[in-house]
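What follows is a single structure, written as structure tokens, with notes after it.
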Number of protein chains: 2
Amino acid sequence: MMNNPKPSLPVIKRLPKYYRYLKTLRASGVTSISSRELASQMGTTASQVRQDFNCFGDVNGRQGIGYSVDTLLDMLEKLLFGNGDRLTAILIGAGRLGKAVSRFITTDTNGYKLIAAFDSSPAEIGKTISGIQIRSVDELEAFCRASHPQVAVLCLPREGAQEVSGRLMNLGIEGFWNFSHYDLSVAFPHAIVENVHLGDSLMSLGYQMRNQEQ
Amino acid sequence: MMNNPKPSLPVIKRLPKYYRYLKTLRASGVTSISSRELASQMGTTASQVRQDFNCFGDVNGRQGIGYSVDTLLDMLEKLLFGNGDRLTAILIGAGRLGKAVSRFITTDTNGYKLIAAFDSSPAEIGKTISGIQIRSVDELEAFCRASHPQVAVLCLPREGAQEVSGRLMNLGIEGFWNFSHYDLSVAFPHAIVENVHLGDSLMSLGYQMRNQEQ
């Protein structure tokens, strides 16, 4: 892959979508697809599809036949899931959102393994979430030193996230799935962060609803 | 605002973040801020901040003083929340994710009002979610014809979302907060859609974790 352009963040963000589409295609018996067909199904352009795939190895569509669905899926699986080892994740904040989110972490197909959940509320500690007993956040240091989780999922308010993220960085956590309004990337530019700002998403939908072209 | 450039989607997506930052600043007593300071706190550049604000009305920072925090917040509130009327929303799919998500809809500060929730599971129908009784999805047509909701929140699997979104479009729903893997925008290019693909977000975090520069 030495000579391929380095994929930009927008390209990286499109990979799961390609992966989902191609899996659906394979499940319905499709073995090859042109960049044009794939683009029209994904709401993008053929040239973008070709450029995106060009960032990763030697996948070339064949004139008149298109890309092999199997070849593309093999490539995407290697990129998204590596050798198949799941990334170990811990959940911080086991409230209503944390409970809903834990289901996405424990779904095997996403490539993660939830190994612990933490909360500060005595009402939650000791309860079970996705088959895992919720621990006190006071146990965070001891747990991380023993088990070296790779990813932390932050489902707690801004203030809590700000406090806990420094602790997590010190404990060697490299990746964050961040649902809080605390912008980790400003304080920790080297952290790998995926932000899911549900409130922001609702507000920008609201903007588009309220400022439609008449 | 006639001569301002039309804001692009990335600009629109940054508005809630500006709004959150500026509210925090006002709460801590800050009355003015330079584009440089605001940019550094938001992890962007001063020139982007100025360009973004330039899309909306006549907000000009004053040399040596900066932008008035109150003026910016007034502008952002008008853009994001209009005259203060909340958008009426219905939730389709009242499972674990729908329950967590309903809290974001009912939080007043996001500008929405949840007026109904629907599910197809007899186990959920009749239960209460965020103070609202869950209805059978069979009642969708009757409810929408009577109450004209503006936004639908889709918290159901791909197949269900595909089936229900055509019905919702026919019923005059204009906006979708879409948690399903069904890409509405392909079939309905005029719908206003905010997608939240939690599985995709986890997978692209996984890609970044597994393909770090050494």
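The values are calculated or read from the model by the stated rules, or taken from the named source; none is laboratory data. What you are looking at is a predicted structure, and each value in this text was computed from that prediction instead of being measured. Every residue, glycine as well, gets a Cβ built from its backbone with ideal geometry; the counts of neighbours run over all protein chains shown. The area values use the complete protein model at the heavy-atom level, side chains included, leaving out ligands, DNA and RNA. Shrake-Rupley method; radii C 1.70, N 1.55, O 1.52, S 1.80 Å.
Interface residues of segment B:163-177, defined as those with an accessible-area decrease of at least 50 Å² between the chain by itself and the complete set of protein chains (probe 1.4 Å), are B:177.
A simple spin-label model places the labels of residue B:212 and residue A:109 2.8 nm from each other, with each point 7 Å out along Cα-to-Cβ. Distances between copies of residue B:51, taken at a point 7 Å out from Cα along the Cα→Cβ vector and listed shortest first: 1.6 nm.
Based on the alpha-carbon gyration tensor of the protein assembly as shown and its eigenvalue square roots a ≥ b ≥ c, which shape applies: rounded if a/c is under 1.5, prolate if not and a/b is larger than b/c, or oblate? Here the protein assembly as shown falls in the rounded category. Close amide-amide hydrogen proximity is noted between residue A:67 and A:33, A:34, A:35, A:62, each under 5 Å apart and 5 or more residues distant or on a separate chain (H modeled in the peptide plane; Pro and chain starts excluded). Over all other residues within a Cβ to Cβ distance under 14 Å of residue B:10, the charged ones net out to +2, with Lys and Arg as +1 and Asp and Glu as -1. Label points for residue A:127 are taken 7 Å from Cα along Cα→Cβ. From this copy to the others they lie 1.3 nm apart, shortest first. Placing a label point 7 Å from Cα along the Cα-to-Cβ axis, residue A:68 is separated from the same position in the other copies by 6.6 nm, shortest listed first.
The calculated FRET efficiency for the pair residue B:146 and residue B:123, based on their C-beta separation and a Förster distance of 25 Å, comes to about 0.45.
Per residue, segment B:136-214 exposes 42 Å² of solvent-accessible protein surface, assessed with a 1.4 angstrom probe and all protein chains in place. On the rotation that sends chain A to chain B, the chain A Cβ lying closest to the axis gives residue and distance in whole Å as A:100, 2. Working from Cα pairs under 8 Å separated by at least six residues, relative contact order for chain A is 13 percent. Quote the total accessible area buried by chains A and B together, excluding ligands, DNA and RNA, probe 1.4 Å, nearest 100 Å². Approximately 6000 Å² gets buried when A meets B.
Ordered by solvent-accessible area of protein heavy atoms (1.4 Å probe), largest first, the residues B:107, B:45 come out as B:45, B:107.
Taking the helices alone, chain A has a mean residue ellipticity at 222 nm of -14000 deg cm²/dmol, built from -39,500 (n - 2.57) per DSSP H run of at least 4 residues and averaged over all its residues. For the residues of A:189-200, the average number of beta carbons from a partner chain within 10 Å of their own beta carbon is 5. Taking the protein heavy atoms of the protein assembly as shown in the context of the full set of protein chains, the accessible area attributed to carbon and sulfur is 48 percent at 1.4 Å.
Calculated accessible area for segment B:57-108 comes out at 47 Å² per residue, all protein chains present (probe 1.4 Å; ligands, DNA, RNA ignored). What shape does segment A:68-214 take by its C-alpha gyration tensor, where a ≥ b ≥ c are the square roots of the eigenvalues and a/c under 1.5 counts as rounded, a/b above b/c as prolate, and the rest as oblate? Since a/c reaches 1.5 but b/c is at least a/b, the shape of segment A:68-214 is classed as oblate. Measuring between alpha carbons in the structure, the pairs from B:13/B:78; A:113/B:13; A:17/B:113 lying more than 27 angstrom apart are A:113/B:13; A:17/B:113.
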